[in-house]
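Heads up, the thing below is written out as structure tokens.
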Amino acid sequence: MLKINFRKLTYSRFVAFGFLAVILLGTVLLCLPISSESGKNTDFLSALFTATSATCVTGLAVYDTGTHWSVFGQSVILFLIQIGGLGFMSVFAMLSVFSKKKISLSERKILMQVSGNMRYHGVVALMKRIVFGTIIFEGIGAALLAIRFFDQMPPATAVYYAVFHSVSAFCNAGFELMGNFYSTGSFTAYSGDVFVNLVLMMLIVIGGIGFLVWNDFYDHKFKIKEYCLHSKLALLFSGILLLFGFIFFLISEWNAAFEQMPVYEKITSALFQSVTVRTAGFNTVPQGELSEAGKLVTTILMAIGGSPASTAGGIKTTTVFIVLLSAAASARNVKHVTVFKKRIETETIRQATSIVTIYVCAIFACSALIAMVEPFAASDIIYEVASAAGTVGLSVGITSGLSVFSKIILILLMFFGRIGGLSLVLVLTEKQTPVVLERPVEKILIG
């Protein structure tokens, strides 16, 4: 009989088992008749796909969330999104804070890893800031969205929709209920509503920027020079990606997906597309209408994702930035990678390179497998795979038409994308006592 000693579990395995347990619980609940609007059982694979997508804050769906699932089923999805976005250990910390329970040293170690804190000291205070910050941001977002929804829905529905979409946006999940009101899907009916666009973008960016950046802002406000190196890199590269995406989509989609829009709506849609592709999953423009260039850049941005220790998924901004800085240093024949007058550790560069390699290989390998059994265009398949691996949730509309084999691959990719490529490899390979073995060195030709 299989026995798991949880006291001896490494952090990576603890996180993997924790997310797996939450997914299985969500699957069981979503299979129940009470979870569907029709009152019938939902098949296991569809429930598993939805539970994985919600817990891994992805947003890919085989059924329309607003029409297939009952209020109970939607509440289960919302619960999974909140746990998945913050991490189940953050939810544990939330309960501990409110119950005034003391947190043990081993629990502090796990919380340190979840929050991205570099040391034990201050980890509980940081978790409190994360918990209360989440409540505040999601509350403000819900209040602002409710202002607009009150004009379009019954009051109770407006409040419910505002809360659901605020949590989904903040957690970068991409699940939405608009199928009940609009046949166009997601927030395409709001492409010209600047207010709703700005609120959603605010929630997405705040949730995806990372908890350490929150902490630095709380301590130092706008004195960016006093931020830690991680926060500086996360803010800088996130800003670069947002600006690049905005300019690119504005140009590439001006006479494509944005062709029928007035100028102000084109600008709003380009900015929203640049923000949402970084693991959020909402869309104000049908993704199938994007130009081929737009789909390609969207795929790349989805793979990059948000910042570490945040509600976002993907390779992560700082990881990609470190690899680019390392490549630039190597091209200039510079031994060390330095940025903001700080030197990046060699081990950090090695891990960043490993993560990028793992993600890229996983995306292309899974795309090839799915392309072997599906009739869809390769570009659409790669788009879907990158969306799953980056836990984004954007789709060109082929998710529900995929075979069982392809859906299982996407489920594994969403799980892989949420716990992280390097973490998954460690789950499968790490040992408690590593064996040190030095091999002889020999040079090879590269380049």
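Can you go through S400, S406, S379 and tell me which one is within 18 Å of G417 (Cβ to Cβ) and either in contact with a strand residue (DSSP E or B) (Cβ under 7 Å, 6 or more places away or on another chain) or of a type in the set (S, T, Y) (or both)?
S406
Out of the residues in region 301-329 that are out of contact with any helix residue (DSSP H, G or I) (no Cβ under 8 Å at 6 or more places or on another chain) and not small (G, A, S), state the one that is nearest to T188 (Cα to Cα). Steps first, please.
Residues of region 301-329 out of contact with any helix residue (DSSP H, G or I) (no Cβ under 8 Å at 6 or more places or on another chain): 324-325, 327-329.
So of that shortlist, the ones also not small (G, A, S) come out as 324-325.
Details: L324: 35, L325: 37 Å.
Selected residue: L324.
With respect to the conditions (1) over 16 Å from L203 (Cα atoms); (2) modelled with pLDDT of 85 or more, Q113 lacks only one, and its number is (2). Taking each residue of region 302-329 that is free of Cβ contacts under 8 Å to residues at least 12 places away in the same chain and looking for partners that are aliphatic (A, V, I, L, M) with beta-carbon atoms closer than 8 Å, six or more apart or interchain, yields A329/V337. Yes or no: V373 of a type in the set (A, V, I, L, M), open to solvent by 50 Å² or more (accessible area, probe 1.4 Å) and within 17 Å of L412 (Cβ to Cβ)? Yes.
Go over the candidates F92, F79, F137 one by one and state the one that is at pLDDT below 90, part of a helix (DSSP H, G or I), surrounded by fewer than 22 Cβ atoms within 10 Å (Cβ to Cβ) and within 22 Å of the chain's Cα centre (by Cα).
On the way: F79 fails: at pLDDT below 90; F137 fails: at pLDDT below 90.
Of the residues listed, the single one that is at pLDDT below 90, part of a helix (DSSP H, G or I), surrounded by fewer than 22 Cβ atoms within 10 Å (Cβ to Cβ) and within 22 Å of the chain's Cα centre (by Cα) is F92.
Condition check for A327 on (1) surrounded by 18 or more Cβ atoms within 10 Å (Cβ to Cβ); (2) at pLDDT 90 or above: one failure, at (1). Please go through region 275-316 and pick out each residue that is closer than 23 Å to I355 by Cα, of a type in the set (S, T, N, Q) and modelled with pLDDT of 90 or more. Across region 275-316, the qualifying residues are T276, T298, T299. Among the residues of this structure, A388 counts as one that is within 16 Å of I300 (Cβ to Cβ) and open to solvent by less than 10 Å² (accessible area, probe 1.4 Å). Among the residues of this structure, K316 counts as one that is within 26 Å of the chain's Cα centre (by Cα) and closer than 23 Å to L80 by Cα.
Taking region 342-356 as the range and being free of Cβ contacts under 8 Å to residues at least 40 places away in the same chain, surrounded by 14 or more Cβ atoms within 10 Å (Cβ to Cβ) and part of a helix (DSSP H, G or I) as the test, the residues that pass are T348, I349, A352, T353.
For region 371-447, give me every one of the helices (runs of 4 or more DSSP H) that falls completely inside it and has 1 or more residues that are at pLDDT 90 or above and among the β-branched types (V, I, T). Before you say what the answer is, go through the steps one by one.
Working: elements: 378-389, 404-419, 421-429.
So the answer is 378-389, 404-419.
Here N172 meets each of (1) within 23 Å of I304 (Cα to Cα); (2) open to solvent by 10 Å² or more (accessible area, probe 1.4 Å); (3) of a type outside the set (A, V, I, L, M, F, W, C) with one exception, condition (2).
Within region 397-406, the set of residues being open to solvent by 30 Å² or more (accessible area, probe 1.4 Å) and either under 20 Å from the mean Cα position of the chain (by Cα) or of a type outside the set (S, T, Y) (or both) comprises G397, G401, V404, F405. When S354 is tested against the conditions (1) touching a Gly at 6+ places or on another chain (Cβ under 9 Å); (2) within 13 Å of L233 (Cβ to Cβ); (3) among the hydroxyl-bearing types (S, T, Y), the lone failure is (2). Against the numbered list (1) over 18 Å from F416 (Cβ atoms); (2) out of contact with any helix residue (DSSP H, G or I) (no Cβ under 7 Å at 6 or more places or on another chain); (3) open to solvent by 20 Å² or more (accessible area, probe 1.4 Å); (4) at pLDDT 90 or above, C361 comes up short only at (1).
Of everything listed in (1) of a type in the set (D, E, K, R); (2) part of a helix (DSSP H, G or I); (3) in contact (Cβ under 8 Å) with a residue 60 or more places away in the chain, the single unmet condition for E176 is (2). Could you go through region 148-165 and let me know if any residue there is within 18 Å of I83 (Cα to Cα), open to solvent by 10 Å² or more (accessible area, probe 1.4 Å) and assigned to a helix (DSSP H, G or I). Taking every residue of region 148-165 in turn, at least one turns out to be within 18 Å of I83 (Cα to Cα), open to solvent by 10 Å² or more (accessible area, probe 1.4 Å) and assigned to a helix (DSSP H, G or I). Taken over region 266-294, the residue count meeting the criterion of being of a type outside the set (V, I, T) and in a helix (DSSP H, G or I) is 13. Kindly indicate whether any position in region 268-276 is without any contact (Cβ under 8 Å) to a residue 40 or more places away in the chain and of a type in the set (G, A, S). Within region 268-276, one or more residues are without any contact (Cβ under 8 Å) to a residue 40 or more places away in the chain and of a type in the set (G, A, S).
The values are calculated or read from the model by the stated rules, or taken from the named source; none is laboratory data. Given the structure is predicted, the values throughout are model-derived calculations rather than measurements. Backbone-built Cβ (ideal geometry, glycine too); neighbour counts: all protein chains shown. For accessibility, only protein heavy atoms count, side chains too; no ligands or nucleic acids. Shrake-Rupley method; radii C 1.70, N 1.55, O 1.52, S 1.80 Å.
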